[in-house]
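This report refers to the structure that appears directly beneath it.
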Amino acid sequence: MRKYLLSFLFFLLIFSTLQAQEDFNEKDIKVVPELINPSNLINDGIIELNVTGGVPPYTFKWSDQGTSLKSNKATGVVEGIDYTVVITDAEQNTLTKSYRIPAESITENFNGAFKPIVDNLASILFWDPFSAIGLYDPIVYADEKNVPIPNWYSGIQDTYKLEKWLVKEGEHVNRNQAIAIIKSEKDGIIEVKASASGTLTHLTSEGNTIYDYQNTEDVIEAGAHFFAKIKYDEPVILTHPNGDPITFPIPFIVVWLILGAAFFTLRMGFINLRGFRHALDLAKGKYDDPNAPGRITHFQALATAVSATVGLGNIAGVAVAISLGGAGATFWMILAGLLGMSSKFVECTLGVKYRFISKEGKIFGGPMNYLRYGLEKRNMSGLGKFLAGFFAVLGVGASFGGGNMFQANQSFEILSGQFQFLEGHGFIFGLVVAALVAVVIIGGISSIAKVTGKVVPFMAAIYVLGALIVIGINIENIGPAFNAIFEGAFNPTALKGGIIGVLIVGFQRAAFSNEAGVGSAAIAHSAAKTNHPPSEGFVALLEPFIDTVVVCTLTALVLIFTGMHEVEGIGGAQLTSEAFASVISWFPYVLAAAVFLFAFSTMISWSYYGMRAWTYLFGKSNQSELIYKLLFLLFVVVGASVSLGAVLDFSDMMILAMSFPNIIGLYILSGEVRDDLREYLRKLKAGELFKKQKIKV
């Protein structure tokens with residue numbers, strides 16, 4: 001009997017264990033993924049998860065910051081890259097999975113292979129030294145939340161009036177509690193509920209108008225549609241859709257460029273300000289000596305260098321900066337541009353001083369020369385050779401990528417958006433552009449200088465004129481616009497990253513746009529006809545002023561004067577285009593043509609920069625130059641034909657990386673530049689410099 005009883009108990013134990021295991025399995029989270037690669041285009045993969053088991057509802061913590069915690073689908077996925085997702089059910093049970101969309105086309109494989117490289121390079125360029133040592137917390141916290149007019153958007157043609165407060169000022173409110181009654185001219189009565197819990201502050205009194213689309217101050221002012229704010233009980237961390245904290249780091253590359261610019265400004269005695277008038281005289285040709293060594297005039301050197309910097313960044317990049325940092329980014333952008341003038345002075349003075357002119361009259365100059373021979377003169381031959389070689393390698397890569405493929409690719413994207421017949425014909429577009437570039441660059445620096453000397457003033461005039469028309473038509477907005485700039489520069493919202501976030505966005509845009517400290521412009525200026533290296537430094541300091549203080553600022557003002565800086569959901573060149581179109585309906589077509597000229601002039605200037613870096617590495621023969629030019633033209637076609645995504649991002653970053661070896665050399669050689677400047681100013685004051693005489697009639 002005992003034997004049967006023990007067997008029965010053992011059977012019950014086994015059965016209950018299996019039942020418990022079955023119940024546990026039912027609670028397990030199970031995932032069936034669907035991996036979709038809809039086309040041969042890059043970055044269009046889709047990962048969709050069918051989740052069962054556990055206890056719904058589920059949250060999805062994707063490695064992609066743009067995918068919501070509530071979404072079981074990730075779109076815009078990079079093919080060939082692993083994406084992780086942590087699935088959590090209502091009982092906090094979790095399951096971590098990793099998925100990859102297989103890369104099929106050549107471009108998808110290239111893009112997927114370069115994405116990790118881009119991320120690694122970005123981790124160096126955009127590393128935040130201040131947060132790394134604990135001096136600065138990059139996480140964005142909000143102390144309060146603004147309460148907006150429901151369903152308001154920039155450009156809406158409606159007027160809103162505050163009818164009645166339902167909660168007194170200073171009282172505590174709970175999320176979704178009704179707090180006010182608003183009257184819309186179009187939609188009538190609207191009940192507004194609190195979007196957060198905390199202490200309520202009234203920003204508008206009962207009976208007053210909150211927002212009137214016919215009032216220009218309301219259109220321009222940042223946040224004019226906010227009528228109340230709620231102070232959180234505790235500061236809240238702002239997050240991306242996937243739940244990661246929003247951060248505004250202080251990128252190392254921006255610190256590197258701006259600290260260098262500030263140092264050279266002090267070292268040269270504020271040459272950016274006191275040398276401005278003489279720089280204009282030099283650019284006008286008042287001191288052009290026809291017998292001086294060199295190939296091109298001061299103005300042609302300036303035009304060549306400006307053509308390489310004034311481009312898509314001034315149109316699309318500024319719009320991105322304003323979208324991220326608000327109107328206040330404009331102030332810091334201007335300040336960074338003014339400081340960058342001193343960096344350009346130093347590097348271009350050295351570019352002329354250490355240039356080499358061959359028997360055939362070819363000029364080889366730029367950072368490769370002054371890094372190698374300038375440091376060699378200071379008994380730093382090993383360091384000089386390393387920095388020069390490193391700079392040359394980066395220069396070649398940057399010329400093929402950021403100075404070529406990126407320009408061809410983006411100009412085709414913008415032009416095909418305005419002119420529908422171009423869609424799907426990137427290869428033909430690339431061949432045409434390559435042919436136009438070939439006609440110019442085969443003639444060398446003299447030919448490049450002649451073309452940029454005509455194209456740059458023309459394209460700049462078109463863009464500046466269009467911007468001034470938009471600003472002129474909205475001139476009544478000048479007060480609110482500049483108020484928005486200064487208010488946004490010193491009292492920005494937490495969503496913009498506070499004052500540090502806005503400052504960094506402005507500085508970053510300026511540094512990326514004018515390339516002050518990168519060293520590229522020194523290559524063009526080394527070909528100038530002059531006996532005095534500092535004279536070309538004076539001319540060069542005009543570049544950041546033209547590029548950033550004038551062109552970038554005009555773009556920012558167009559966005560602010562038209563109220564487009566408050567628009568959400570679009571950015572880049574499209575935002576700038578819509579700002580112009582809001583005043584001049586046909587101007588986007590002109591803007592598209594200007595973008596092409598910007599890109600074209602950038603390509604021909606960077607072809608010269610890259611060729612000088614190439615010949616430094618592979619020899620100064622005609623054959624070596626021809627090989628480089630053919631490769632450059634090939635990359636024009638490639639850039640216009642396919643979207644290479646991470647490849648373009650990587651090559652564009654190489655332009656910024658050029659500043660590392662360059663600025664190290666500038667620091668070491670800044671003392672002799674200061675001595676050369678003092679001697680030049682002495683000669684200028686004594687009348688010892690060549691100066692064209694006025695012809696008396």
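The values are calculated or read from the model by the stated rules, or taken from the named source; none is laboratory data. Treat the numbers as computed from the prediction; the structure is a model and nothing was measured. Glycine gets a Cβ as well: all are built from the backbone with ideal geometry, and neighbour counts include every protein chain shown. Areas reflect the complete protein model, heavy atoms only, side chains present, ligands, DNA and RNA absent. Shrake-Rupley method; radii C 1.70, N 1.55, O 1.52, S 1.80 Å.
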Against the condition open to solvent by 60 Å² or more (accessible area, probe 1.4 Å), more than 30 Å from residue 562 (Cβ to Cβ), of a type in the set (D, E, K, R) and out of contact with any Asp or Glu (no Cβ under 8 Å at 6 or more places or on another chain), how does residue 206 come out, does it pass? no
Does residue 615 count as buried (at least 24 other Cβ atoms within 10 Å of the Cβ), polar (S, T, N, Q) and in contact (Cβ under 8 Å) with a residue 40 or more places away in the chain? no
Please state which of the following conditions residue 227 fails to meet, knowing it meets all the rest: (1) assigned to a strand (DSSP E or B); (2) buried (at least 19 other Cβ atoms within 10 Å of the Cβ); (3) of a type in the set (A, V, I, L, M, F, W, C); (4) out of contact with any Pro (no Cβ under 9 Å at 6 or more places or on another chain). (4)
Only residues that are open to solvent by 60 Å² or more (accessible area, probe 1.4 Å) and within 20 Å of residue 63 (Cα to Cα): list them for segment 100-112, please. 100, 102
Take the conditions out of contact with any Pro (no Cβ under 9 Å at 6 or more places or on another chain), among the hydrophobic types (A, V, I, L, M, F, W, C) and not in a loop (DSSP other than H, G, I, E, B) and apply them to residue 180. Does it pass? yes
Condition test on residue 595, is it out of contact with any Ser or Thr (no Cβ under 7 Å at 6 or more places or on another chain), assigned to a helix (DSSP H, G or I), surrounded by 15 or more Cβ atoms within 10 Å (Cβ to Cβ) and not hydroxyl-bearing (Ser, Thr, Tyr)? no
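With a cut-off of at least 3 residues that are among the polar types (S, T, N, Q), name the helices (runs of 4 or more DSSP H) lying wholly within segment 476-563.
Qualifying helices (runs of 4 or more DSSP H): 498-514.
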Unique match (being surrounded by 15 or more Cβ atoms within 10 Å (Cβ to Cβ) and farther than 29 Å from residue 510 by Cβ) among 219, 167, 255: 167
Looking at this structure, is residue 72 crowded, with 16+ Cβ neighbours inside 10 Å, over 25 Å from the mean Cα position of the chain (by Cα) and touching a residue at least 24 places away in the same chain (Cβ under 8 Å)? yes
Could you check segment 37-51 and list, in sequence order, the residues that are at negative phi, within 37 Å of the chain's Cα centre (by Cα) and open to solvent by 50 Å² or more (accessible area, probe 1.4 Å)? 38, 40, 41, 48
Those helices (runs of 4 or more DSSP H) completely within segment 275-381 that have 3 or more residues that are of a type in the set (S, T, N, Q) and open to solvent by less than 10 Å² (accessible area, probe 1.4 Å) are 329-353
Does residue 198 count as open to solvent by less than 30 Å² (accessible area, probe 1.4 Å), more than 30 Å from residue 508 (Cα to Cα), of a type outside the set (A, V, I, L, M) and out of contact with any strand residue (DSSP E or B) (no Cβ under 9 Å at 6 or more places or on another chain)? no
Which number in (1) touching a Leu at 6+ places or on another chain (Cβ under 7 Å); (2) open to solvent by less than 30 Å² (accessible area, probe 1.4 Å); (3) at pLDDT 80 or above marks the one condition that residue 524 misses? (1)
Select from segment 118-164 the residues that are β-branched (Val, Ile, Thr) and within 22 Å of the chain's Cα centre (by Cα) and write down the one among them that is most open to solvent (accessible area, probe 1.4 Å). 124
Test of understanding: among 67, 84, which residue is part of a strand (DSSP E or B), under 26 Å from residue 108 (Cα atoms), at pLDDT 90 or above and open to solvent by less than 70 Å² (accessible area, probe 1.4 Å)? 84
If I go through segment 382-405 residue by residue, how many of them are open to solvent by 30 Å² or more (accessible area, probe 1.4 Å) and of a type outside the set (Phe, Trp, Tyr)? 4
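Report the residue count in segment 92-108 for those that are part of a strand (DSSP E or B) and in contact with a helix residue (DSSP H, G or I) (Cβ under 7 Å, 6 or more places away or on another chain).
0
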If the Cβ limit is 7 Å and pairs must be 6+ apart or interchain, which residue in segment 212-236 that is small (Gly, Ala, Ser) pairs with which residue that is in a loop (DSSP other than H, G, I, E, B)? 222/326; 222/327; 228/203
Return yes when residue 270 is out of contact with any strand residue (DSSP E or B) (no Cβ under 7 Å at 6 or more places or on another chain), at pLDDT below 90, open to solvent by 50 Å² or more (accessible area, probe 1.4 Å) and over 24 Å from residue 557 (Cβ atoms) and no when it is not. no
